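Everything below concerns the one structure shown next.
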Amino acid sequence: AQTVTQSQPEMSVQEAETVTLSCTYDTSENNYYLFWYKQPPSRQMILVIRQEAYKQQNATENRFSVNFQKAAKSFSLKISDSQLGDTAMYFCAFFSGAGSYQLTFGKGTKLSVIP
Amino acid sequence: EAQVTQNPRYLITVTGKKLTVTCSQNMNHEYMSWYRQDPGLGLRQIYYSMNVEVTDKGDVPEGYKVSRKEKRNFPLILESPSPNQTSLYFCASSLSAGGLSPLHFGNGTRLTVT
């Protein structure tokens, strides 16, 4: 079974600064997908960014970018120019689809943006 | 508006009283799934469905049942709820089970079993 590890239960960042959230995963698959989801206090789950394992180029969505290191099985999220609205729980998730169509989540990182 | 609708948003019940949490999507999605979220544990998958009449267990299926008789609906059934099923539950759907189709989540159901 795949596992997803987020080693930082809580983090904080000053408004307008940059912060990086860590995620590592364990899999024997070669083709898979990785995601970062955001859960603000409203508890809605929002897809932030997605990375296909077969793509070497790191995904970017506006202020959000990832550092995907396939050999190291690492998938960190960088948030640039942090805004108060970025305050949320962030979940890293893994999907392989090989045999079992399950999305496996990490335990989450609670990010607080400080004004 | 394209959405996944869960009901109710909050539910307090007693041990052993059967309950159903409904989930409906209006996007003609094939894939639907249920997750529970607990502090410090993240989201864990309970059941998922690839299509009508096709369901499979996730990581934590014990104590839960599901059915997929219609494409749009995927109810979660707790036949005999227990306090350890107190949790925040999410239903989600996507066009297909592949990673290219983003998951759309409902707004969650906060269940308390006393």
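The values are calculated or read from the model by the stated rules, or taken from the named source; none is laboratory data. Since the model is a prediction, treat every value here as computed from it, not as a measurement. With ideal geometry, Cβ positions are generated from the backbone for all residues, glycine too; neighbour counts draw on all protein chains shown. For the accessible areas, the whole protein counts, side chains as well, though only heavy atoms, and no ligand, DNA or RNA atoms are used. Shrake-Rupley method; radii C 1.70, N 1.55, O 1.52, S 1.80 Å.
Just a few scattered comments:
- Extents of the stretch A:21-62, largest first, come to 35, 24, 16 Å (Cα atoms, principal axes, whole angstrom).
- Under 12 Å, Cβ to Cβ, from A:C92 - net charge with Lys/Arg +1 and Asp/Glu -1: +4
- Whole-Hz Karplus values for the stretch A:74-89 come out as 10, 8, 8, 10, 10, 10, 9, 6, 3, 10, 4, x, 7, 4, 4, 7 Hz, taken residue by residue from phi with 6.51 cos²θ - 1.76 cosθ + 1.60 and θ = phi - 60°; glycine and proline positions read x.
- Area hidden from solvent between A and B (accessible, protein heavy atoms only, 1.4 Å, total, Å²): 2000
- Pairs of Lys residues in the protein assembly as shown are counted when their Cα atoms are under 12 angstrom apart and they lie 8 or more places apart or on different chains; the count is 4.
- 1.4 Å probe accessible area per residue over chain A, in Å²: 49
- Considering only alpha-carbon pairs that sit under 8 angstrom and 6 or more positions apart, the relative contact order computed for chain A is 37 percent.
- Relative contact order of chain B, pairs being alpha-carbon contacts under 8 Å that are 6 or more residues apart, as %: 36
- Rg/Rh ratio calculated on Cα atoms of chain A (Kirkwood radius): 0.96
- Note on chain B: with neighbouring protein chains present and a 1.4 Å probe, carbon and sulfur make up 51 percent of its accessible heavy-atom surface.
- Pairwise label distance in nanometres, A:N62 with B:T20, each label 7 Å out on the Cα-Cβ vector: 3.9
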